[in-house]
Amino acid sequence: MKEKRVGFIGMLAILSIFLLQGGAGNLNPAINSIAQGLEMDPTVVTQVASFPSMFAIIISFIAGRFVGKKIKFRPFLISAILIFGIGGALPLVVSTWPVILFSRACVGIGIGSFFTLAPSLVLSLYDESKKGHVMGIGSAVATAGGVFVQMLSGYLVDISWHLAFGVHFIGIISLILVAIGLPEPDVSDLEEEQTKTKLPLGVYINSTIVMLFMMFSIPIIISVSMIIADRGFGTGLEAGTASSLFTIGGTVLSLLFGVLYKIFKRYTLAVVLLISVIGMGLVYYSTNLMMVFIGMFVMGIGLLITPALMMDNNEMVEEKNIVAASSTIIIFTNIGNFLASYLLIFLTNISKSMQMDYPALFITIILMIILTLGGLIIKMNQKNKAKE
């Protein structure tokens, strides 16, 4: 593929879309305050965290099938940013529970679009020598953006819980950059537009891997505060620090993604899975707070699994199907996010008789080891399809 000139503003536009990916968890610090403000059960209000995933799955499917073929990237992204920004901030004006759920649906539409199209733009606009580097920078921006919007949300909620919804106005930056500087990738010709998208089996295998990864890794991430408290390592402050180190680890390692991918190529997936298992083990077997911190930092490499699989897909699919392949990854990622908590509940129920600490988490580590070995075997036998 011949590289299309992106330019500095174009690159900023792409990175700004990665930045908005952090919007999925932007209200997490405000959940308790929202519950108090609405006088509702906090467990019900936690839907503000999970509700966007359902709509992200739907919009990812739509984007993957039509954007870059029947719909151009720029107008679709502009629409998604407007829905994300205006819809997400709507409770600033009307703060009833139904309006908040509608607002989160709008955020889900935006998130699904950003997760699907940001990597697709990188794969469509840059040549092979630059894709891994730019993808790594984008992943770092996304993880750093997640930290930034949650910190901003936490600051605003201390003033008023209504103001927490104002974080969605960050989309204004992306809106301007996309409108004035985003290059439009070449759209497939008319004959290709009319052809039904057919993805190779490898794309669905990669998507299943990322779904299982989310299901097996998220339980220990959301349980870290319990581990710290139960073992007497600290309180909420230390738990918050551990969670931040997970994101920081992912951000730092994302900056090295281009180098890692050049070294390991398709085996980058196996490396990410292996290091994630090591991090999980450090947290699970921790005997002091520092082991938890190191384990969470190491686990941050798990945030590289999506760009690693996106790059793998790029080697397997034709250029016209890059968006469809990316959307499939994002759909399965959201399914994994949704199922993770239910897996933890299921494993907790069936492992009550096991005489050990957190048996459900131990089982997820075993499952992750199996997934790592399976991923390595799959990549050893993977045959890449020649790109057009």
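Per-structure values
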quantity	calculated
Subset of the range 149-163 (residues that are under 21 Å from the mean Cα position of the chain (by Cα) and farther than 23 Å from residue 13 by Cβ)	150, 151, 153, 154
Extreme residue, nearest to residue 19 (Cα to Cα), among residues of the range 86-112 that are outside any helix (DSSP H, G or I) and either in contact with a strand residue (DSSP E or B) (Cβ under 9 Å, 6 or more places away or on another chain) or of a type in the set (S, T, N, Q) (or both)	95
Selection status of residue 162, in contact with a Pro (Cβ under 7 Å, 6 or more places away or on another chain) and over 22 Å from residue 74 (Cα atoms)	yes
Filter result (at pLDDT 90 or above and small (Gly, Ala, Ser)) within the range 62-107	79, 80, 85, 87, 88, 89, 103, 105
Verdict on residue 377 being part of a helix (DSSP H, G or I) and more than 24 Å from the chain's Cα centre (by Cα)	yes
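The values are calculated or read from the model by the stated rules, or taken from the named source; none is laboratory data. These numbers come from a predicted model, not from an experiment. Don't worry about glycine lacking a Cβ; one is built from the backbone with ideal geometry, like all the others, and counts go over all protein chains shown.
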